[in-house]
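Just below is one structure, and these are the notes that go with it.
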Amino acid sequence: MALKGNLADFSTTQILHLINLAKKTGTLRLYEPVVTKEMIADGAGHKHPRVIPGKERATVVFEQGRLVLAAMGDHDGHLASVLHKAGKLNAEQARVIRERGSKYSDKALALMLINANYVTKADIVRSIRQHTLDIVYDVMTWRHEPFVFEENVTPPPGRITVPIDLKNVIIEGTRRAREIKPLEEELPNLDLALKFPESPGDKFRGVRLSVEEWRVVGFINPKNSIRQIAKACNMTDTEIRRVVYGLLQAGLVELVRPPGMQLPKVQAADGTRRTLPQGPQVKRSVVERLIARIKEA
Amino acid sequence: MQFVKMVITGPFSAGKTEFIRSISEIGAVTTDETISRNAPEYGIKPQTTVAMDFGRITVDDDLVLYLFGTPGQRRFDFMWEILAEGMLGFVVVVDSARPETFREAKSILETFRAYAPTPYVVAANKQDNPEAWAPDDLRIALRIDDHIKLLPCVATDKESVKNVLLELLYAILDEMDA
């Protein structure tokens, strides 16, 4: 089953979070947005022009919830180009290898380059890893591209894949986020608290956090609201939102209601704010009779 | 005579009206209006619910279940609170094939949770659409806690709707036992 959508509705960070959590294998394709004259409604009934996929802009491949490969539409992605970009080959070497090595797969070409002492295996892994990350961080700044995630579509044989843990990618991508609005939409209530998920040791293994992020992690406790943590860490609302959003999307923390927190009051039609009375106190037998009736419906 | 009420809510065009129609013993009373040519929703669907949908399931001479469907458009959200008052529980219907509505679905869910701490379930509707997101993916996308039931649903299929309502009633029983 493919996941289709638009980054305006479901961001790259959210897609990575889903792939990471569900340990998905597959290929994410992102396209140039083409705005049509057809109008569609969003969930609130507001009408917007339909955006359809145009030319493919980027492809990102995942295996078992880990990022393994990425390609940008206008880059050739050839191993020689990647090594040239990383400074491991000069322009002439890269050109010659591209011309003469076109019939070889990346894996075969890598073996030849290693055997010829042009590069080491570590050079290749490091260069591909950086190339993949550069593309994904770029994609994480996109806002309106249509996307399709096709499950179980894997890279062609012969491509070199370097598995990268998505948690660090999500956190770094959030650090680089320029726009604040999505953070406010995703984390509107700073009176909520945070807790660690089950098996936090496993989740935090291999994660590289900044000093600021570790300071926030140090205050995580279901009794501390995010606002209190921000105060203790001397952070603005925007700064704490950015850190908490990254930790949330990486699956390192979960939101909880702190003890004693009142349910937010809702605004009534007349403008007053109140909490609705509890639902009717029905007897168990009433619910059981409803169940029996619906079963026979 | 005892009356109990459940609310069927969700974003615009999620399938709330169909959900109630599939199970109600009376021809569901709807307040659908034909969308005018000038309205923003014109062209999306021919009619929209402006105040509420209303369905009924009579259990016996002493007990009746009412299903109230909320209007999906934000400009009618003043009706939500009125409909939520005294509800036994609520169903959030989500169009699984329209990710552009997921953010609104989450917002509606949070609003109804704030109205009253009653049990609720999420119905991942339109699972017969080939572009529908799988329920497990929807759970992550909507950040639904594991202990909340998120159920595959086709609102035009009575058995599917029955299953959602039964799961909500089981959740209500579980809450009574807790």
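Just a few scattered comments:
- A:LYS167 being surrounded by 15 or more Cβ atoms within 10 Å (Cβ to Cβ), modelled with pLDDT of 90 or more and not in a loop (DSSP other than H, G, I, E, B): yes
- Residue in the stretch B:40-62 that is nearest to the other protein chains (Cβ to nearest Cβ), counting only those that are at pLDDT 70 or above and under 24 Å from B:TYR115 (Cβ atoms): B:ILE57
- For the stretch A:105-148, the set of residues classified as part of a helix (DSSP H, G or I) and polar (S, T, N, Q) consists of A:ASN115, A:SER127, A:GLN130, A:THR132, listed by residue number.
- Residue in the stretch B:90-118 that is farthest from the other protein chains (Cβ to nearest Cβ), counting only those that are crowded, with 22+ Cβ neighbours inside 10 Å and touching a Pro at 6+ places or on another chain (Cβ under 6 Å): B:ALA105
- Wholly enclosed strands (runs of 3 or more DSSP E) of the stretch A:1-99 bearing at least 3 residues within 14 Å of another protein chain (Cβ to nearest Cβ): A:3-6, A:26-41, A:47-63
- Answer residue from the stretch B:119-140, given it is closer than 22 Å to A:ILE15 by Cα, in a loop (DSSP other than H, G, I, E, B) and among the charged types (D, E, K, R) and is nearest to the other protein chains (Cβ to nearest Cβ) among those: B:GLU131
- Total residues in the stretch A:206-233, condition surrounded by 15 or more Cβ atoms within 10 Å (Cβ to Cβ) and hydroxyl-bearing (Ser, Thr, Tyr): 1
- Selected residue (criterion: surrounded by the most Cβ atoms within 10 Å (Cβ to Cβ)) from residues of the stretch A:35-51 that are under 26 Å from the mean Cα position of the chain (by Cα) and either under 26 Å from A:LEU69 (Cβ atoms) or small (Gly, Ala, Ser) (or both): A:GLY43
- Failed item, numbered, when A:LYS203 is tested on (1) away from every other protein chain (no Cβ under 12 Å); (2) surrounded by 13 or more Cβ atoms within 10 Å (Cβ to Cβ); (3) at pLDDT 90 or above: (3)
- Just so you know, in the stretch A:59-104 the residues that are of a type in the set (A, V, I, L, M) and in contact with a His (Cβ under 6 Å, 6 or more places away or on another chain) include one that is surrounded by the fewest Cβ atoms within 10 Å (Cβ to Cβ), and it is A:ALA94.
- Filter result for A:GLY260 (modelled with pLDDT under 70, loosely packed, with under 15 Cβ neighbours inside 10 Å and more than 10 Å from chain B (Cβ to nearest Cβ)): no
- Complete set of residues in the stretch B:150-165 that are buried (at least 17 other Cβ atoms within 10 Å of the Cβ) and under 14 Å from B:MET6 (Cβ atoms): B:VAL161, B:VAL164, B:LEU165
The values are calculated or read from the model by the stated rules, or taken from the named source; none is laboratory data. Being a predicted model, the structure only gives us computed values, none of them experimental. All Cβ positions, glycine included, derive from the backbone under ideal geometry; neighbour counts span all protein chains shown.
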